[in-house]
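See below for the structure under consideration.
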Amino acid sequence: MDEVKKTFQEDKQVEAGESLEGVDRRLRDPLSDELFEAILLLKDKEECYRFFQDIATISEIKALAQRLEVAKLLEKNVTYTTIAHKTGASTATISRVKRCLYFGADGYQLILKRLAKKEKVK
């Protein structure tokens, strides 16, 4: 019976566009793989700045940075109003980040833990 329940749950994940590893299967393709492999080859912050400046607009980079800051503040239980004021993020963006932070692929959780660990070392 448990196996049937597990299979049903897995089928629902696939229908929702999720892979069994927690990453949306629509994201996984050879071009995305190559992009992420390229990012993993960057050696330091300066190389990141140079690469991202070439591959994305300043607005796109700022939007990603804003979302990370929103996630940090949400993790500290800061209110939407304060987050919006501090970051300039819309309540829609804050809500989306919150949904991903708590019900996403755990990418935010992963990086926030690593950032916190890095801060403790300093």
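Quick notes on this structure:
- Cβ-Cβ under 7 Å pairs, at least 6 apart or on other chains, the range 25-52 side not assigned by TED's automatic domain parsing to the domain that holds Ala105, far side surrounded by 12 or more Cβ atoms within 10 Å (Cβ to Cβ) and of a type in the set (Ser, Thr, Tyr): Arg25/Ser19; Arg28/Ser19
- Test: residue in the range 74-86 that is surrounded by 11 or more Cβ atoms within 10 Å (Cβ to Cβ), part of a helix (DSSP H, G or I), of a type in the set (Lys, Arg) and in contact with a Ser or Thr (Cβ under 9 Å, 6 or more places away or on another chain): no
- When Glu69, Glu21, Glu37 are checked against the criterion of being among the acidic types (Asp, Glu), at pLDDT 95 or above and farther than 21 Å from Ala116 by Cα, a single residue qualifies: Glu37.
- Applying the set (1) of a type in the set (A, V, I, L, M, F, W, C); (2) under 16 Å from the mean Cα position of the chain (by Cα); (3) more than 27 Å from Leu35 (Cβ to Cβ) to Ala89 leaves exactly one unmet item: (3).
- Those residues of the range 97-122 which are over 17 Å from Val23 (Cβ atoms) and in a helix (DSSP H, G or I), in sequence order: Val97, Lys98, Leu112, Lys113, Arg114, Leu115, Ala116, Lys117, Lys118, Glu119, Lys120, Val121
- Lone unmet requirement of (1) among the polar types (S, T, N, Q); (2) modelled with pLDDT under 95; (3) assigned to a loop (DSSP other than H, G, I, E, B) for Gln13: (3)
The values are calculated or read from the model by the stated rules, or taken from the named source; none is laboratory data. Here the structure is a predicted model, which means the values were calculated and not measured. Cβ sites come from the backbone with ideal geometry, for glycine too, and all protein chains shown count toward neighbours.
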